[in-house]
Each structure stands twice: as C-alpha cells, then as structure tokens.
Amino acid sequence: PDREEKDRERKEMFEKNLKDVYDVDKYQSFELIEDGRYGDSAWLKFNEKFTLKKMISKAGKNYVVEVGKIIGGQIKLDADEIKNRYTDIWIPYARTIVNQVEFAIPAGYTVEGLPELNMNVDNESGAFISTAVVEGDKLLIKTTKIYKKDFDKKEAWPNYVAFLEAAYKFSQTKIVLKKK
C-alpha cells in the first residue's frame with residue numbers, strides 16, 4: 001500500500017480506538033509525530049483533535065465541565081481489590097502515558113476547581129502526576145501515568161493502588177466555569 005493509504009488506515013484505527021473510550025462528536029484530525037519504532041528510548045507520539053459530547057452541563061448562569069473524562073477511562077478498583085491481592089502483578093510492558101489538554105475558557109468566565117486537578121503520587125512501581133494552570137484564556141492540563149515495571153510481587157500492590165486510585169479520582173473531577 002502507498003503512504004497515503006497507510007496514513008488513512010492509521011487515522012481510522014486511532015479514531016476507532018478513541019471512540020471506544022470517549023463519546024466522540026467529531027474526529028477532526030490525526031498527526032503522527034513519532035512512530036516509536038526505532039531505538040531503545042523511542043516514543044509513540046501523536047496529536048489528535050476531536051470534540052466530545054456530554055461534557056458540559058448548565059448550572060444556573062455557570063457551567064460544570066467533566067474535565068477529568070478527557071484522559072479516558074481509568075481503572076476503578078473495588079474495595080476487595082484495594083485491600084487484597086492474591087497474585088503477583090504482571091503488566092504487558094512498562095509504559096508512560098502523557099495527556100496534554102488545552103481547554104479554551106469562554107470570555108466572561110473564570111475556572112473554579114483547579115486544586116482538585118493537581119495530584120502527585122509517585123512511588124517505585126508507578127506514578128500519576130497531574131497539573132492544571134490557567135494561562136490567559138486557556139486551562140492547560142497535563143497528566144502523566146507511569147507503569148515503571150512489567151512485574152512486581154503481590155506485596156507491592158499498595159504502590160499500584162496509590163497511583164491507580166489517583167488516576168481514577170482525576171477522571172471523575174469537574175471544574176466550574178463561573179460567570180464573572
């Protein structure tokens with residue numbers, strides 16, 4: 001197949017994967033930055049542009065935005081899973097997942113709820129780190145989820161619970177766009 005066909009197939013694959021996780025309204029573009037195939041420290045890097053449905057609800061003259069959903073579904077551990085681990089921990093591969101989001105703040109509104117978007121859980125097994133700042137008329141969010149190993153003994157489970165729970169908590173966060 002020629003390059004143009006490969007690019008189209010890649011875009012369709014990423015669009016399908018995205019739609020499996022999000023309620024996508026419109027998939028606008030895909031750009032491959034690095035294919036991650038060559039070298040020991042190679043990264044898969046890409047940019048996508050899309051709009052989502054059902055992220056915003058009206059609350060009087062303000063809006064509630066389910067901004068945590070932007071990082072996709074996260075593992076939700078139940079009480080038994082948090083408390084008990086019966087087997088060692090096997091992960092397909094060590095990896096780092098970084099999300100960078102630029103959210104346009106509408107004119108005449110301010111953002112409330114930033115403290116809940118800033119987290120830092122980092123231990124020998126993994127990490128979940130998130131930052132959120134307002135710069136001008138944009139809310140800039142960055143999340144980093146790291147699985148540092150592909151194997152751990154079951155005794156290390158509390159390390160995993162710590163960063164998995166932080167990522168899930170982030171995925172449930174909301175901000176309020178408050179009318180000035």
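Some observations on this one:
- Any hit, segment 19-26, residues being open to solvent by 50 Å² or more (accessible area, probe 1.4 Å), outside any strand (DSSP E or B), in contact (Cβ under 8 Å) with a residue 12 or more places away in the chain and in contact with a strand residue (DSSP E or B) (Cβ under 9 Å, 6 or more places away or on another chain): yes
- Cβ separations smaller than 6 Å between residues 6+ apart or across chains give the following pairs from segment 40-66 residues that are farther than 30 Å from Lys11 by Cβ to residues that are surrounded by 14 or more Cβ atoms within 10 Å (Cβ to Cβ) and of a type outside the set (A, V, I, L, M, F, W, C): Asn62/Lys178; Val64/Lys174.
- Selection status of Lys154, out of contact with any helix residue (DSSP H, G or I) (no Cβ under 9 Å at 6 or more places or on another chain) and within 25 Å of Lys58 (Cβ to Cβ): no
- Selection count, segment 116-163, where residues are under 30 Å from Ile105 (Cβ atoms) and not aromatic (Phe, Trp, Tyr): 26
- Evaluating Asp40 against the criteria (1) within 20 Å of the chain's Cα centre (by Cα); (2) exposed (fewer than 13 other Cβ atoms within 10 Å of the Cβ); (3) assigned to a loop (DSSP other than H, G, I, E, B) leaves one unmet condition, (1).
- Selection status of Glu34, among the acidic types (Asp, Glu) and surrounded by 11 or more Cβ atoms within 10 Å (Cβ to Cβ): yes
- Per-region count, segment 54-73, residues open to solvent by less than 90 Å² (accessible area, probe 1.4 Å) and outside any helix (DSSP H, G or I): 11
- Per-region count, segment 74-85, residues assigned to a loop (DSSP other than H, G, I, E, B), more than 18 Å from the chain's Cα centre (by Cα) and more than 17 Å from Asp152 (Cα to Cα): 1
The values are calculated or read from the model by the stated rules, or taken from the named source; none is laboratory data. These numbers come from a predicted model, not from an experiment. Note that we place each Cβ from the backbone using ideal geometry, even for glycine, and neighbour counts take in every protein chain shown. Accessible surface is based on the protein model in full, side chains and every heavy atom, while ligands, DNA and RNA are left aside. Shrake-Rupley method; radii C 1.70, N 1.55, O 1.52, S 1.80 Å.
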